[in-house]
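Student: Got a structure for you, written out below as structure tokens; questions coming shortly.
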Amino acid sequence: MQVPGPILTVRGLCKSFGGNQVLKGVDLEVRKGEVVMIIGPSGSGKSTLLRSINMLERPTAGYLSVNNHELCWGTDGSFQVAPERDIRKVRAKVPIVFQHFNLFKHLSVLENLVQGPIHVLGRSRKEALATARERLAAVGLADKGDAYPAELSGGQQQRVGIARALAMHPDMILFDEPTSALDPELVSGILDVIRELADRGMTMVIVTHEMSFARRLGDTIHFMEAGEIIASGSPQELFSGNGSARVNAFLNLIAPSP
Amino acid sequence: MYDYLFVWAPRHLPSLLQGAGVTLQLAIISMCCALVVGLLVALGHLHAPKWVRWLLKAYVEIWRDIPLIVQLLVIYFTLPQIGISLPGFWAGIIGLSLNLGAYISEVFRSAIASVDKGQREAAVSIGMSTVQSYCYIILPQALLVAVPTIGGYFISLLKDCALVSFIAVNELLRNGQIIISSTFQSMEVYMMVAFIYFVMSFTASIIVRQVERLLTPAYLVRAHKRT
């Protein structure tokens, strides 16, 4: 049997805003079905890395390929980005679930879910609506199809955000701090939805501050600081206390061992 | 009074109503052109190269700083000098469209800017092109913000059309003045002209309100009913 290649390959990815270097040569590999957690202090470049995978932020150097489609390559002098059309095609397959949901405010929940499938994937409206209803049911909101985002709670909005990503028939879903904007009592509901996706084998890259969640659900955890991944490993390895002093200090700070 | 209502008015009303028809045509055609100009200028401001943006800025500034009547006269009397001879009606359309377009571009620009940038990101992140993200996500939301202001501009445009009488277009006001020149009944005619303008503007403002209501998304209507 052939071993599946990585669905995401990132090598030496750099990103600067003006003179400020936010990513300093990040390497990352994600295999099909893998749940990858990215943790680390605020401002370490986690979100920028995640957004770069979707090319929402344009890297300034380095190599990035999703599902064998190269999106950018080369170093400073010879850095190149794939044509816009190719980038759009890849984007459709690696949707982002945003921290602030970013649901289309002027559209009902069902309409939110069919925009991408109809306009980007070229599905028929009927087919898109059928998929949308199914995905909505999967996140427990079957009865909210006609509601508008403003009529939903934060937790419900984020479920719609996840359903909208699922409606794209994604190869991989990127989560950008999916629970950071939620009230504490709503967090566990969203984590449950993500856990179910993991159980069904969905490939996911999740930027999160929920350490116990990262530990329980992550296949691999990457620890970022100051634009670099400074430690990687399975939850057991990373949380064992045998790693670098810096990682241990951070983990003890936010998730002291009992 | 009897004479005014049953003899005088029927004799002159057709000419005034015909003029009102021209006024309406001027207003509607100019409005459509101004919307296109305004939208293109607003999008240019946001996406075009720097030198184009600079030109657009100059256009908006110049057109807003010169009285409309002067613009109309300049267009009507200078275009023939460079070989373009336009009937007053179309010179009027050009003047009104460019003038209103300058104002409307600013309305569109701030309406587009008022749409949260997360909306664009969400659209683009699922693979929409820039054009698609504008058509399906950004502009529908921006339009909602812009409609009340644009409706207000339409009503003032309807009244500004009276200025086109200065460049020999037989619209409502000028037809009134023509009647006065033969009957010398200024007060009666101007009253009638004023009344027709009022009816047109009032009707227009009712229509604008209906359009606003039609465009209001269902959830806002529901929220309104609940309170």
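The values are calculated or read from the model by the stated rules, or taken from the named source; none is laboratory data. Keep in mind that this is a model prediction, so the values were computed, not measured. Glycine also receives a Cβ, built like all others from the backbone with ideal geometry; neighbour counts cover every protein chain displayed.
Student: Looking at the structure I just gave you, is B:Ile137 within 14 Å of another protein chain (Cβ to nearest Cβ), over 22 Å from B:Leu17 (Cβ atoms) and assigned to a helix (DSSP H, G or I)? First the steps, then the outcome.
Tutor: Numbers: within 14 Å of another protein chain (Cβ to nearest Cβ): yes; over 22 Å from B:Leu17 (Cβ atoms): yes; assigned to a helix (DSSP H, G or I): yes.
Yes, satisfied.
Student: Tell me, please, whether a residue that is modelled with pLDDT of 95 or more and assigned to a strand (DSSP E or B) can be found in region A:106-129.
Tutor: Looking for residues that are modelled with pLDDT of 95 or more and assigned to a strand (DSSP E or B), one finds none in region A:106-129, hence no.
Student: B:Gln71: buried (at least 18 other Cβ atoms within 10 Å of the Cβ), more than 14 Å from every other protein chain (Cβ to nearest Cβ) and at pLDDT below 95, yes or no?
Tutor: Yes; evaluated as a whole, the condition is true for this residue.
Student: Take B:Ser125 and decide whether it is free of Cβ contacts under 8 Å to residues at least 60 places away in the same chain, touching a strand residue (DSSP E or B) at 6+ places or on another chain (Cβ under 6 Å), crowded, with 20+ Cβ neighbours inside 10 Å and not basic (Lys, Arg).
Tutor: Working: free of Cβ contacts under 8 Å to residues at least 60 places away in the same chain: yes; touching a strand residue (DSSP E or B) at 6+ places or on another chain (Cβ under 6 Å): yes; crowded, with 20+ Cβ neighbours inside 10 Å: yes; not basic (Lys, Arg): yes.
Yes: the conditions hold for B:Ser125.
Student: Something else: I'd like to check something: does region A:56-64 contain any residue that is of a type in the set (Asp, Glu) and either on the phi > 0 side of the Ramachandran plot or within 14 Å of chain B (Cβ to nearest Cβ) (or both)?
Tutor: We begin by selecting, within region A:56-64, every residue of a type in the set (Asp, Glu); these are A:57.
Of the ones still in play, those that are also either on the phi > 0 side of the Ramachandran plot or within 14 Å of chain B (Cβ to nearest Cβ) (or both) are A:57.
Yes, region A:56-64 contains a residue that is of a type in the set (Asp, Glu) and either on the phi > 0 side of the Ramachandran plot or within 14 Å of chain B (Cβ to nearest Cβ) (or both).
Student: For a quick check of your reading of the model, give me the residue pairs whose first member lies in region B:80-94 and is on the phi < 0 side of the Ramachandran plot and at pLDDT 85 or above, whose second is among the polar types (S, T, N, Q) and assigned to a loop (DSSP other than H, G, I, E, B), with beta-carbon atoms closer than 9 Å and at least 6 apart or on different chains.
Tutor: Qualifying pairs under 9 Å: B:Gly88/B:Asn170; B:Phe89/B:Asn170.
Student: Which ones in region A:191-222 are in a helix (DSSP H, G or I) and touching a strand residue (DSSP E or B) at 6+ places or on another chain (Cβ under 9 Å)? Write out each step before concluding.
Tutor: From region A:191-222, those in a helix (DSSP H, G or I) are A:191-199, A:211-217; that's our starting set.
Those that are in a helix (DSSP H, G or I) and touching a strand residue (DSSP E or B) at 6+ places or on another chain (Cβ under 9 Å): A:Ile194, A:Leu197, A:Ala198, A:Met211, A:Phe213, A:Ala214, A:Arg215, A:Leu217.
Student: Let me ask you something else. Just the residues that are of a type in the set (Gly, Ala, Ser) and either within 22 Å of A:Leu121 (Cβ to Cβ) or part of a loop (DSSP other than H, G, I, E, B) (or both), please, taken from region A:151-186. I'd like the intermediate steps shown before the answer.
Tutor: Taking region A:151-186 and keeping what is of a type in the set (Gly, Ala, Ser), we get A:153-155, A:161, A:163, A:165, A:167, A:180-181.
Within region A:151-186, A:Ser153, A:Gly161, A:Ala163, A:Ala165, A:Ala167, A:Ser180, A:Ala181 qualify.
Student: Quick one: which helices (runs of 4 or more DSSP H) lie wholly within region B:164-227 and hold at least 2 residues that are within 14 Å of another protein chain (Cβ to nearest Cβ)?
Tutor: B:186-215, B:218-226
Student: Failed condition for A:Ala147, given (1) facing chain B (nearest Cβ under 9 Å); (2) in a helix (DSSP H, G or I); (3) surrounded by 18 or more Cβ atoms within 10 Å (Cβ to Cβ), with all others met?
Tutor: (2)
Student: Then there's this: Restricting to region A:112-142, what's the tally of residues that are surrounded by 18 or more Cβ atoms within 10 Å (Cβ to Cβ), among the charged types (D, E, K, R) and closer than 19 Å to B:Cys135 by Cβ?
Tutor: Residues in region A:112-142 being surrounded by 18 or more Cβ atoms within 10 Å (Cβ to Cβ), among the charged types (D, E, K, R) and closer than 19 Å to B:Cys135 by Cβ: 1 in total.
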